[in-house]
């Protein structure tokens, strides 16, 4: 945690140095940096919290190896024995029902699961700050994308480093 705070403080010192150029440049850089930084941290924490909750409740799905998925994306070479019975002896309706059961469809449960991760306050509040900061700069006629966009990138990098340190 000390490393994260020191990284953040060093970044803030560099950002405060932009005040020597002008207050408008400082405002662009600070708003862009803080909003990107908070978006990355909020998203990382929300995702980590969601994963921890699923692992604790054992609702996660055991997936195949990445190499196995690349080599056999449709599970053609599974270990399940093939039914080598003659066509007359097969119950095709039963086979179709079994195959349909394997297909995952969109359900209310899957929508609820996806919404939990994306509607978290840890994710929404930083995005609201990003939009409101951009609008405030634009309305005050001090928005300068030459400084705003690189500061967003800087915020993303520092946020990613900080999230990696905190969540590691």
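Checking the structure you have, find out if any residue of region 127-141 is within 30 Å of residue 37 (Cα to Cα), surrounded by 10 or more Cβ atoms within 10 Å (Cβ to Cβ), under 16 Å from the mean Cα position of the chain (by Cα) and at pLDDT 90 or above.
Yes, some residue in region 127-141 is within 30 Å of residue 37 (Cα to Cα), surrounded by 10 or more Cβ atoms within 10 Å (Cβ to Cβ), under 16 Å from the mean Cα position of the chain (by Cα) and at pLDDT 90 or above.
Pull up region 8-29, narrow it to residues that are in contact (Cβ under 8 Å) with a residue 40 or more places away in the chain and under 26 Å from the mean Cα position of the chain (by Cα), then point me to the one that is farthest from residue 147 (Cα to Cα).
8
For residue 103, state whether it is at pLDDT below 95 and under 20 Å from residue 26 (Cβ atoms).
no
Out of all the residues in region 143-164, which are buried (at least 17 other Cβ atoms within 10 Å of the Cβ) and outside any helix (DSSP H, G or I)?
The one that is buried (at least 17 other Cβ atoms within 10 Å of the Cβ) and outside any helix (DSSP H, G or I): 143.
Could you identify the single residue in 164, 116 that is closer than 19 Å to residue 34 by Cα, in contact with a helix residue (DSSP H, G or I) (Cβ under 9 Å, 6 or more places away or on another chain) and at pLDDT below 90? Steps first, please.
Values: 116 fails: closer than 19 Å to residue 34 by Cα.
The unique qualifying residue is 164.
The values are calculated or read from the model by the stated rules, or taken from the named source; none is laboratory data. In this text the structure is predicted, and so the values were computed from the model without any measurement. Because the Cβ atoms are built from the backbone with ideal geometry, glycine has one as well, and the counts that use them run over all protein chains shown.
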